[in-house]
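Colleague: Here it is, the structure, as structure tokens.
The values are calculated or read from the model by the stated rules, or taken from the named source; none is laboratory data. If you're wondering where the values come from, they're calculated on a predicted model, not measured in any experiment. In this analysis, Cβ positions are derived from the backbone assuming ideal geometry, glycine residues included, and neighbour counts consider all displayed protein chains. Ligands, DNA and RNA are stripped out before the accessible areas are found, and what is left, the full protein with its side chains, is counted by its heavy atoms. Shrake-Rupley method; radii C 1.70, N 1.55, O 1.52, S 1.80 Å.
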Amino acid sequence: MNNLIDGKKVASEIKDEITQKISYSISKGNRAPSIKIILVGGHGPSKIYVNAKLKACESVGIDAELLSLNDNINQDELSGIIKKLNSDDNLDGFIVQLPLPDQISVQKVIELIDPSKDIDGFTNDNIGSITSKKKKLMPATGLGVMTLIERYNIDIDSKKCVVLGASRNVGGAIAQMLVEREDATVIVCNSKTKNLKSLTIDADLIVSAVGIPNLVTSDMVKKGVAIIDVGISRVKDSSKKSGYKIVGDVDFENVSKKASLISPVPGGVGPMTIVSLLKNTLKVYCDKFKI
Ligand code: GUN
């Protein structure tokens, strides 16, 4: 397939660049970058994502430590842990893996994170900076999507970009990042949008970040469209040992026959989100050590 957007390959190239930068800094006598990952409870997919993040950190020379917390932790206890991490000068950043148990307010948690350590780029301060001239830590998935657009030279100048999904941290952030380029026409769809097909059918770029398998079918797109699939869902698959497989929002098999470029799931945006976390960590670290 020569229309594949290979997120795994791009992520691996960026990881090599990050590795070099970190070894250079260490050769100058600096410590390695250091982050923590908070995992609350035993949510199956989260454990898999967190392990992938830890492995990626290790591969580039970032010290990453997992902080596994009981799923009956309360808001105050979690707040106490976040405050401690905020004031740890030897820590460059941390993330709180989502989702969180029902007794915890996600927004309260996010807003307690020191924006300068928010390597997910989820705080209001960082998301708000998408629209500012001085960008801070960009939301990791959006940064990954924009990197794919650049690396694959997807031409969006004067083109119509349709973003499916308007969540604050993902779809909405991606749409805002596209708007900031000041060259594309951006349409953002949410769960109330009527007749999606009327909007997607003449799109030059579709970014789907909804989490509904087969939301985008081949009758909804024009020939030559570029597709970036941010969705991640688990569907039953008895042929797999685990009993399920991971799919995106797009009917890949059929849409890929019409698309000029298309990202698969897995192997598309997923590795790019992880590499963006590494990039954000490096940004905090390089600013601190003036590299
Ligand atoms: N859960 C699913 N994706 C993410 C992510 O990018 N960051 C965090 N913190 N949790 C997630």
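Colleague: Out of GLY248, GLN75, PRO45, whose Cα points farthest toward the positive end of the dipole of the chain (charges: +1 Lys, Arg; -1 Asp, Glu; placed on Cβ)?
Modeller: Of the options given, the answer is GLY248.
Colleague: Right, next: Which value, in debye to the nearest 20, describes the size of the charge dipole of the stretch 1-132 about its Cα centre when Lys and Arg Cβ atoms bear +1, Asp and Glu Cβ atoms bear -1, and nothing else is charged?
Modeller: 360 debye
Colleague: Shifting gears a bit: Have a look at LYS53, LYS117, LYS241 and tell me which one the Gaussian network model of the chain (Cα, springs below 10 Å) gives the largest fluctuation.
Modeller: Between LYS53, LYS117, LYS241, it is LYS241 that shows the largest mean-square fluctuation.
Colleague: While we're here: Accessible area of LYS28, 1.4 Å probe, to the nearest 10 Å²?
Modeller: Accessible surface of LYS28 is approximately 130 Å².
Colleague: At 1.4 Å probe size, with no ligands or nucleic acids counted, give the accessible surface of LEU98 in Å², nearest ten.
Modeller: 50 Å²
Colleague: Gaussian network model of the chain, Cα springs within a sub-10 Å range: biggest mean-square fluctuation belongs to which of VAL207, VAL235, VAL221?
Modeller: Between VAL207, VAL235, VAL221, it is VAL235 that shows the largest mean-square fluctuation.
Colleague: With a 1.4 Å probe and every protein chain left in place, tell me how much accessible area ILE154 has, in Å² to the nearest 10.
Modeller: Approximately 20 Å² for this residue.
Colleague: For ASP202, ASP183, give the ranking by accessible area with the largest first, probe 1.4 Å.
Modeller: Highest to lowest solvent-accessible surface, that is ASP202, ASP183.
Colleague: Please identify the helices of the chain, taking whole runs of DSSP H, that span at least 20 Å along their own axis as judged from the Cα atoms and have a mean Kyte-Doolittle score of -0.5 or higher.
Modeller: 44-60, 269-289
Colleague: Right, something else. Identify which of MET146, MET138, MET272 has the largest mean-square fluctuation in a Gaussian network model of the chain, with springs joining Cα atoms closer than 10 Å.
Modeller: MET146
Colleague: How high is the relative contact order of the chain, in percent, counting Cα pairs under 8 Å that sit 6 or more residues apart?
Modeller: That works out to 20 percent.
Colleague: Then there is this: Let's see if you can work this out: charge +1 on each Lys and Arg Cβ, -1 on each Asp and Glu Cβ, no other charges. What is the dipole magnitude of the chain about its Cα centre, in debye to the nearest 20?
Modeller: 340 debye
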